[in-house]
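Only the coordinates and a few stated rules stand behind these numbers; no lab work does. Since the structure is predicted, the reported quantities are computational estimates derived from the model, not experimental observations. Glycine also receives a Cβ, built like all others from the backbone with ideal geometry; neighbour counts cover every protein chain displayed.
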Amino acid sequence: MISRIWHGWTTLENADIYENLLKTEIFPTIASKNVLGYRGIQLLRRQLSNEVEFITIMQFDSLEAVKQFAGEDYEKSYVPDKARNVLSRHDERSQHYEIRESITY
């Protein structure tokens, strides 16, 4: 299993706008791609003193599934234009980690 991790930051004023965009447009668009091996996405949000940080963590069965989603240059981040309009800055490259253990209580 692979986790694809990405960070983006907005102004305080744009944080709710960006979160809504993720939930109503971007996440459904990702799901509609029907990538074999895509297992879902988590959204994390953290307010800092003068900005808001967002982290997305996508789950895939394999790097091949990640490549089906993102293409051969699979580390390149997926940031639609609408998102770029409200983000202050973001990772240009996503990080990929092999999940070695997952314990839920």
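Quick notes on this structure:
- Inter-centroid distance (Cα atoms) of segment 47-86 relative to segment 7-32, Å: 11 Å
- Low-density loop cleavage sites - trypsin sites (Lys or Arg not before Pro) in segment 34-102, where at most 10 other Cβ are within 10 Å (DSSP): R100
- Each Lys and Arg contributes +1 and each Asp and Glu -1, all at the Cβ; summed about the Cα centre of the chain, the dipole is approximately 140 debye.
- Label point 7 Å beyond Cα of E51 along Cβ direction - residues of segment 1-37 with amide nitrogen under 14 Å: 7-15
- Annotated for the chain: lysine pairs at least 8 residues apart or interchain, Cα distance under 16 Å, count 4.
- Which of A31, L87, L12, positive extreme of dipole for segment 2-98 (C-beta unit charges): A31
- Using the rule -39500 (n - 2.57) for each DSSP H run of four or more residues, divided by the residues of the chain, the 222 nm mean residue ellipticity is -5500 deg cm²/dmol.
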